[in-house]
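Student: Please see the structure below; I have some questions.
The values are calculated or read from the model by the stated rules, or taken from the named source; none is laboratory data. Worth saying up front: this structure is predicted, and the values here are computed from it rather than measured. In this analysis, Cβ positions are derived from the backbone assuming ideal geometry, glycine residues included, and neighbour counts consider all displayed protein chains. All accessible areas refer to the heavy atoms of the entire protein, side chains included, with ligands and DNA or RNA removed. Shrake-Rupley method; radii C 1.70, N 1.55, O 1.52, S 1.80 Å.
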Amino acid sequence: DQQVKQNSPSLSVQEGRISILNCDYTNSMFDYFLWYKKYPAEGPTFLISISSIKDKNEDGRFTVFLNKSAKHLSLHIVPSQPGDSAVYFCAASGGAGNMLTFGGGTRLMVKP
Amino acid sequence: EPEVTQTPSHQVTQMGQEVILRCVPISNHLYFYWYRQILGQKVEFLVSFYNNEISEKSEIFDDQFSVERPDGSNFTLKIRSTKLEDSAMYFCASAPELWETQYFGPGTRLLVL
């Protein structure tokens, strides 16, 4: 089941620079998208979300962009900080229920 | 800040045994969920629960699984007869309303031997 896909398993970025994490989806019924951050031995922590009626949502250092025609979303973190080092999951919901479908995650490493 | 809590953090059990995983959702939330993540795989939806009923379930959530809200605060996942392939991290989540953000607990790591 590859309805939500994160093609980059890992990303390394220098502190202070921009981190861009990407996510693609195939199910056109998805209309709500979320990014979660996960540290080892912890549960996913909600970061930011976007509804399909928008193409951008911003919260502090985090911005999510949605390109519905390409079925693609991205998370921008500016500036990146060492504490941002974690696994980032993209998730989507829509259609009849509210179950979340997750991507495989991208491990972000921010180097000091 | 309110958070979802889960107990135990780790559970080791023998194949064929019953396990109950417990969750305390955020207090004013109405929608409850269980997900799991097998090592090296994606987080997968198991079941959603609202108004004391299952509202959605995945193919994974077969007759071996059941959920219950035994009182006003706990939300439990029971696996009747565990199999080796049930070994995973199990995450509980809750949301205030149907289309609102789901907040996850820290998970229970289940190991079936």
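Student: Identify all residues within the range A:41-58 that are touching a residue at least 40 places away in the same chain (Cβ under 8 Å) and within 18 Å of residue A:83 (Cβ to Cβ); write none if there are none.
Tutor: Passing the criteria: A:44, A:47.
Student: Please go through (1) open to solvent by 60 Å² or more (accessible area, probe 1.4 Å); (2) more than 10 Å from chain A (Cβ to nearest Cβ); (3) assigned to a strand (DSSP E or B); (4) within 24 Å of residue A:4 (Cβ to Cβ) for residue B:55 and return the number of the only condition it doesn't satisfy.
Tutor: Tallying (1) open to solvent by 60 Å² or more (accessible area, probe 1.4 Å); (2) more than 10 Å from chain A (Cβ to nearest Cβ); (3) assigned to a strand (DSSP E or B); (4) within 24 Å of residue A:4 (Cβ to Cβ), residue B:55 fails exactly one: (2).
Student: Just give me the residues in the range B:1-51 being surrounded by 17 or more Cβ atoms within 10 Å (Cβ to Cβ), at the interface with chain A (Cβ under 9 Å from one of its Cβ atoms) and in a loop (DSSP other than H, G, I, E, B), in sequence order.
Tutor: Within the range B:1-51, B:4, B:42 meet the criteria.
Student: Quick check: is even one residue across the range A:78-89 under 19 Å from residue B:34 (Cα atoms) and in contact with a strand residue (DSSP E or B) (Cβ under 6 Å, 6 or more places away or on another chain)?
Tutor: First, pick out the residues of the range A:78-89 that are under 19 Å from residue B:34 (Cα atoms): A:89.
Then drop every residue that is not in contact with a strand residue (DSSP E or B) (Cβ under 6 Å, 6 or more places away or on another chain), which leaves A:89.
Scanning the range A:78-89, I find at least one residue that is under 19 Å from residue B:34 (Cα atoms) and in contact with a strand residue (DSSP E or B) (Cβ under 6 Å, 6 or more places away or on another chain), so the answer is yes.
Student: I'm checking my understanding of the structure. Among residues of the range A:56-71 that are touching a Phe, Trp or Tyr at 6+ places or on another chain (Cβ under 8 Å) and surrounded by 13 or more Cβ atoms within 10 Å (Cβ to Cβ), which one is farthest from residue A:35 (Cα to Cα)? Before the answer, list the steps.
Tutor: Looking only at the range A:56-71, we keep the residues that are touching a Phe, Trp or Tyr at 6+ places or on another chain (Cβ under 8 Å), and these are A:56, A:62, A:64, A:66, A:71.
Among the residues that remain, those that are also surrounded by 13 or more Cβ atoms within 10 Å (Cβ to Cβ) are: A:62, A:64, A:66, A:71.
Details: A:62: 10, A:64: 8, A:66: 12, A:71: 15 Å.
Within the range A:56-71, the match that is farthest from residue A:35 (Cα to Cα) is A:71.
Student: Let me ask you something else. Any idea which of (1) of a type outside the set (Ser, Thr, Tyr); (2) more than 16 Å from residue A:109 (Cβ to Cβ); (3) in a strand (DSSP E or B) is the one residue A:42 doesn't satisfy?
Tutor: Going through (1) of a type outside the set (Ser, Thr, Tyr); (2) more than 16 Å from residue A:109 (Cβ to Cβ); (3) in a strand (DSSP E or B) one by one, residue A:42 breaks only (3).
Student: Using the structure shown, decide if residue B:76 is in contact with a strand residue (DSSP E or B) (Cβ under 9 Å, 6 or more places away or on another chain), in contact (Cβ under 8 Å) with a residue 24 or more places away in the chain and over 21 Å from residue B:39 (Cβ atoms).
Tutor: Details: in contact with a strand residue (DSSP E or B) (Cβ under 9 Å, 6 or more places away or on another chain): yes; in contact (Cβ under 8 Å) with a residue 24 or more places away in the chain: yes; over 21 Å from residue B:39 (Cβ atoms): yes.
Considered against the rule, which asks whether it is in contact with a strand residue (DSSP E or B) (Cβ under 9 Å, 6 or more places away or on another chain), in contact (Cβ under 8 Å) with a residue 24 or more places away in the chain and over 21 Å from residue B:39 (Cβ atoms), residue B:76 comes out as yes.
Student: Using the structure shown, decide if residue A:78 is open to solvent by 30 Å² or more (accessible area, probe 1.4 Å) and more than 10 Å from chain B (Cβ to nearest Cβ). Outline the logic, then answer.
Tutor: Values: open to solvent by 30 Å² or more (accessible area, probe 1.4 Å): yes; more than 10 Å from chain B (Cβ to nearest Cβ): yes.
Criteria met by residue A:78.
Student: Select from the range A:94-112 the residues that are buried (at least 21 other Cβ atoms within 10 Å of the Cβ) and not β-branched (Val, Ile, Thr) and write down the one among them that is farthest from the other protein chains (Cβ to nearest Cβ).
Tutor: Result: A:108.
Student: Within the range B:79-88, does at least one residue satisfy the condition of being crowded, with 18+ Cβ neighbours inside 10 Å, away from chain A (no Cβ under 14 Å) and assigned to a strand (DSSP E or B)?
Tutor: Yes, the conditions are met somewhere in the range B:79-88.
Student: Considering the range A:1-37 alone, what residues qualify as being over 15 Å from residue A:67 (Cβ atoms), charged (D, E, K, R) and more than 11 Å from the chain's Cα centre (by Cα)?
Tutor: Scanning the range A:1-37 gives A:1, A:15, A:17.
Student: Then there is this: What strands (runs of 3 or more DSSP E) lie completely within the range A:61-112 and have 2 or more residues being basic (Lys, Arg) and within 18 Å of residue A:9 (Cα to Cα)? Outline the logic, then answer.
Tutor: Details: elements: A:62-67, A:72-77, A:86-94, A:97-102, A:106-111.
Those strands (runs of 3 or more DSSP E) span A:106-111.
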